[in-house]
1. Which distance in Å, rounded to a whole number, links the C-alpha centroids of the range A:219-265 and the range B:370-416?
2. Hey, any idea what Rg/Rh is for the range A:1-149, computing Rh the Kirkwood way over Cα pairs?
3. Between A:Glu66 and A:Gln90, what is the FRET efficiency for a Förster distance of 41 Å, r being their Cβ-Cβ separation, to the nearest 0.05?
4. How far is B:Glu123 from the same spot in each other copy, in nm, shortest first, if each label point sits 7 Å from Cα toward Cβ?
5. Determine ³J(HN,Hα), in whole Hz, for all residues of the range A:20-36 in sequence, where each value follows from phi through the Karplus function 6.51 cos²θ - 1.76 cosθ + 1.60 and θ = phi - 60°; x replaces Gly and Pro.
6. What total accessible area, in Å², is buried where chains A and B meet, using a 1.4 Å probe and rounding to the nearest 100?
7. Tell me which residues come under 5 Å, amide H to amide H, from A:Tyr96 once H is placed; ignore anything under 5 positions away on its chain.
8. Assigning unit charges at the beta carbon (Lys, Arg +1; Asp, Glu -1) and nothing else, what dipole magnitude in debye, to the nearest 20, does the range A:130-260 show about its Cα centre?
There are 2 protein chains.
Amino acid sequence: MRWTMPSDRVPEAWYNVVPDLPEPLQPPLHPGTREPVTPDLLTPLFPMALIGQEVSQENYIDIPGEVLDILRLWRPTPLVRARRLEQALQTPARIYYKDESVSPAGSHKPNTAVPQAFYNHAEGVRRLTTETGAGQWGSALAYACSLFGIECKVYMVRASYLQKPYRRVMIETWGGEVVASPVDEPEHPGSLGTAITDAVRDAGAREDSHYSLGSVLNHVLLHQTVIGQEAKEQLQMAGEERPDIVIGCCGGGSNLGGLSLPFVTDSRVELLAAEPSSCPTLTGGKFDYDFGDSAGVTPLLAMYTLGHEFVPPAIHAGGLRYHGDAPIICDLVKAGRMRAVAYPQTKVFDAAVQFARTQGPIPAPETAHAIRAAIDEAVRCREEGRERVILFGYSGHGLLDLQAYDDYLAGRLGEE
Amino acid sequence: MRWTMPSDRVPEAWYNVVPDLPEPLQPPLHPGTREPVTPDLLTPLFPMALIGQEVSQENYIDIPGEVLDILRLWRPTPLVRARRLEQALQTPARIYYKDESVSPAGSHKPNTAVPQAFYNHAEGVRRLTTETGAGQWGSALAYACSLFGIECKVYMVRASYLQKPYRRVMIETWGGEVVASPVDEPEHPGSLGTAITDAVRDAGAREDSHYSLGSVLNHVLLHQTVIGQEAKEQLQMAGEERPDIVIGCCGGGSNLGGLSLPFVTDSRVELLAAEPSSCPTLTGGKFDYDFGDSAGVTPLLAMYTLGHEFVPPAIHAGGLRYHGDAPIICDLVKAGRMRAVAYPQTKVFDAAVQFARTQGPIPAPETAHAIRAAIDEAVRCREEGRERVILFGYSGHGLLDLQAYDDYLAGRLGEE
């Protein structure tokens, strides 16, 4: 069963969790002085509207009409009850997922790409730069820029640029420009860190350009809260008072935050982050100030981190290969309001294929981390005879990750 | 704007156009005797329920509850108003599309794959064989078979098997088996004709197996009529009395039939088929009895045909490379109830990219034929100052066809 809602039921305000956090957020620090960052450091990179959202203490921030008109092209996204998966698991739990894969770019990323492009366009910016790993974020921003007629330049990690050409083609189909990063070291395979450095330097050097980030920052998680707000309403349509547990995969934290933050103030709802055991930021990192990139050009953020020079193995869930996590997510974990769990890659693909063979859709490798956690929780419910309501985020489809499935089915996946 | 409907609004009966056709359908003929086919020729290949539907004169046929439960995993599909495309075209026309790309396999194909697997399973068949070109149909049938726990063997045109591995991976992810066709000539690139021959021979030789076809036959078009029935209701939700013109791309005719057949009896609604000019069955073929495959093992069908030995060029819209068309569609064209138009490949991709850059989604090359026709119609409306309502079928996404977009953007597409 699926619960859809008409276009006019897209939430008209974003929910800002910051005033509701268990502990106050620690401010970002200047990379040189280690003093709290002032807006003038950010204005060469971000429009004023987004800087304002980054530090806002208001609980709700109105979504501009032009942004709503675009979100309504695919939102509200469906809430689906995974009844066939429940039956296969013989669980008394009821499993629901919120399907963000229906957006044009195939993930939750356009939820923030569209308002970011809108605010930049509104403040006269004619060009955005960004980085992308496997290409999910780069394609979402290229799509958003095409809607406002602004240029988009994407610095793509060279290894992905060479091995995964199809996200590059998506970006170009929407009119964006893609180059391999690092731009000045053509033999270097690149990393998210080098690509951030390239994109920030490009935007900093040009008057007509700003920089755009697809996760981690407060305003990005803010934009994603349409997901959880819709899910709350749809669960009630399905006859559920609330979920007992909300699960999301966590790379930088934007999809997890989008789904779970609207449930933070309801202490009866458990929150769970699922991450790869090869990049175990929340389960294996330490809470400290660290840089957002590997070169140390960005402000320092208070977060769980594996160290900004940590290079995770090349797992297929490229979107989860980040040394840190969103400060908002880290705050919740540190305060004990959110729990985290880590999984090795093969266990994740076991879950992905079980999901595909019962429900149908083929999930992104990132999303499959949330599915793994949901299945484990449902099995626990069976063992304990508990009728819990499980809600997980279906953050994206795996149609551009089929090489990973081929590797898994042929037994070529490493154990990391 | 999008119009969605709750799961319980999936139509509960298929609409059978056969009794409403302008001219009675001519019966299929036995390939040897050229006498009308009797059911005993078909029982080794198809279950009785589908043979009954193939020759039914009833106007409505109930959809079994188990099939409805599965269709409701993604149906009703959204109806979308392409307002941003209208604005780009500066047309007074209102353009709507019915989005079948949201199914697990990414196209309309599961609408018939699911009931075909269901009826075979219900009659004790444990294994289905089929052919596939680029892989759309093979992946849909593998998905449907996974739902009923029956085996699926797909004979895939060798050229596609070697050049387009990702649809093969989808089939395998759903537990299906794929082999390259022709099986006994490993150097032969294969064609839809050779693959049909392989699949029919396999099913005919095994007691536990039946054969399944994804287009052309009456029962396939019947199953697809959920598309048009839903669209009719959603257009009324959108405040439109009816469409002035309904447009679909046409390869074998199942997507076009599914959308347009429920409008056949309303003579105020114009019907339009869009096909490739390199395989111009309806616009360049002759109406005659011809075989469904290239080897001449299937019954003869009364249809427009380019000759069963016709080999179309390797255009990217693999799903439209068929020498014939569904007898129902051909009947409508012959009687003047439906019109057809043909487009060269580059014009089709011009439309696809214009659509992607205004609306967002990246369409399948097949689907882009319908978009080309819809844009041309909308431009005509602008030139003539007419406010028409255009409805077209968005039969599938192009996420497994990005190589085609790369070729187009790089200027590598031929003019055929």
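1. Result: 37 Å between the Cα centres.
2. Across the range A:1-149, the Cα-based Rg/Rh ratio is 1.04.
3. Working: r = 48 Å, r/R0 = 1.17.
So, using R0 = 41 Å, E works out to roughly 0.30.
4. When each copy's label point is compared with this one, the spacings are 6.6 nm.
5. 9, 5, x, 10, x, 5, 7, x, x, 10, 4, x, x, 7, 6, 8, x
6. Using a 1.4 Å probe on protein heavy atoms, the buried area is about 3700 Å².
7. A:Ala82, A:Ile390, A:Leu391, A:Phe392
8. It comes to approximately 180 debye.
The values are calculated or read from the model by the stated rules, or taken from the named source; none is laboratory data. Computed from a prediction, not measured in an experiment: that's the story for all the values here. With ideal geometry, Cβ positions are generated from the backbone for all residues, glycine too; neighbour counts draw on all protein chains shown. Remember, those area values only see protein heavy atoms, side chains included, never the ligands or the DNA or RNA. Shrake-Rupley method; radii C 1.70, N 1.55, O 1.52, S 1.80 Å.
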